[in-house]
Amino acid sequence: MVVGVGIIGASLADRLTRPATGGGAGSRDEVTIVDAEGPGAGTSGTSYAWINANDPEDPSYHRFRTAAMSTWRDLAAGFGDPAWYRPAGNTVWATADDAKSRLADRVARLTGLGYTAELIEPARLRELEPHIRPRQDALIAHYADEGFVHGGSATRALAERACRAGAALITGRRAVRLNTEGDRVIGVHLDDGRDLDADLTICAAGRHSPALLATAGVALPLVDPSVPGSEAPCLVATTSPADVVVNGLVHAPGLSVRAAEGGGLVLESVELDAGVDESASLALMEMVGDELLARARALIPGLTAKIAEIRRCVRPLPLDGYPLIGAQRPGLYTAVTHSGITLGPHLAVLIDREIHGHAAPELAPYRPDRADRAAS
Ligand SMILES: Cc1cc2nc3c(=O)[nH]c(=O)nc-3n(C[C@H](O)[C@H](O)[C@H](O)COP(=O)(O)OP(=O)(O)OC[C@H]3O[C@@H](n4cnc5c(N)ncnc54)[C@H](O)[C@@H]3O)c2cc1C
């Protein structure tokens, strides 16, 4: 059973109901997926959803993410070029001297790791993104293999395929606690009073995972979004249908932009998230929305679209930033991570292998109890 049908839970359900391949199960499992709302209703549906391995800092994690990008390509090919998968490249630029030198260094290090990264001239940017106008003196980088998904639609497509392959989907029901027998987790208790039994319960409840796990005395080192100054809460805006086209992802100083489903743009600025908390007032959200739109209009002359929606969302943010993946008790497996959009399908492949008795050494650095083990 999988609790939570965001990108992680949906990728898992899909994988666990696919015909068996190499390292997976010999025969497919009976899979039940449960969501308090519905597939894609959580963070995955509001995510900026950039698929990337753009950070060279930790080469091992970079390789893990590069493998995840490749898993996405294979997965999407199996759906036959779905509209929710957009491998359209990513353009980033810097204007301040220190930011330029960091960007040049990043491109050099990523290239050294064999990643597709290059510095490009403004003329090339105009070919890639004809409607975007960076500052004249910008240093511009392009990453052709990166892209994004429309997180809600991708999640729903995976959940639907899992259901067609036999998974049972329960929506609108919250798992209020893990049921236990001694040390073993034997399933969940739902908010309608039902108990669902399972040989294995996989907690993929994203940011809500700590609350569910705590009902069996299990801890998960995730950033608490209610703590003032937490980096987990953020705001993401979507515009009304735009009369301009943004082909790939664009990361300008102070603004990230990509196409939204339905013809609008998704706008995000990490810098404007400072001071945003879970209970951000409507007035603050409107103010941030106005600022995002002003920045978008400066970047994209001719943009007349308005803010259609601005949403508060919470990143499931592990304390050290790395995925939290693995068995936490007999009968209990946890799969929670930031960058879940990039990593979801790849994690699903590895978890499928691991829970069916085949080692997945790639997951070894990401065990949820790593901090405790390191301390002892
Ligand atoms: C603004 C923003 C930008 C981001 N940008 C990127 C990016 O560019 N690239 C990237 O890779 N990642 C990005 N992320 C992170 C990424 O979106 C998340 O890591 C990912 O969506 C998490 O997926 P999930 O399936 O774990 O959680 P969710 O999508 O939140 O799914 C969890 C599901 O569990 C359900 N649930 C919770 N508790 C229970 C319960 N007790 N019982 C039943 N159901 C329950 C919820 O209803 C929900 O549907 C971003 C996140 C945000 C917020």
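Structure data summary
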read-out	value
Percent of beta bridges antiparallel (DSSP, the chain, rounded to nearest 5)	75
Net charge dipole size for the chain [Lys, Arg +1 and Asp, Glu -1 on Cβ; Debye, nearest 20]	480
Vicinal HN-Hα couplings computed from phi for the range 170-181 (Karplus, 6.51 cos²θ - 1.76 cosθ + 1.60; Hz; Gly/Pro x)	10, 10, x, 10, 8, 7, 8, 7, 7, 8, 10, 10
Estimated vicinal HN-Hα couplings, Hz - the range 48-54 in sequence order (Karplus 6.51, -1.76, 1.60; Gly, Pro = x)	5, 6, 7, 8, 7, 9, 7
From phi via Karplus (6.51, -1.76, 1.60), per-residue ³J(HN,Hα) for the range 133-145 in Hz, x at Gly/Pro	10, x, 5, 3, 8, 5, 9, 10, 10, 10, 10, 5, 8
Ranked packing of 121-132, 170-181, most packed first, by mean Cβ within 10 Å	170-181, 121-132
Residue among PHE148, THR116, ILE132 farthest towards the positive dipole end of the range 116-213, charges placed on Cβ	ILE132
Mean separation of Cα contacts under 8 Å, 6 or more apart, over the residue count of the chain: relative contact order %	24
Peptides ranked, highest mean first, by Cβ atoms within 10 Å: ranges 323-334, 271-282	323-334, 271-282
Lys/Arg +1, Asp/Glu -1 at C-beta; the range 254-338 dipole; positive extreme among ALA335, GLY264, LEU317	ALA335
The chain, helix-only ellipticity at 222 nm - DSSP H runs n ≥ 4, -39,500 (n - 2.57), divided by all residues, nearest 500	-9500 deg cm²/dmol
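Values quoted throughout were computed directly from the atomic coordinates according to the rules given, and no laboratory measurement underlies them. Small disclaimer: the values here were computed from a predicted structure and weren't measured. Quick reminder, even Gly has a Cβ in these numbers, built from the backbone with ideal geometry, and neighbours come from all protein chains shown.
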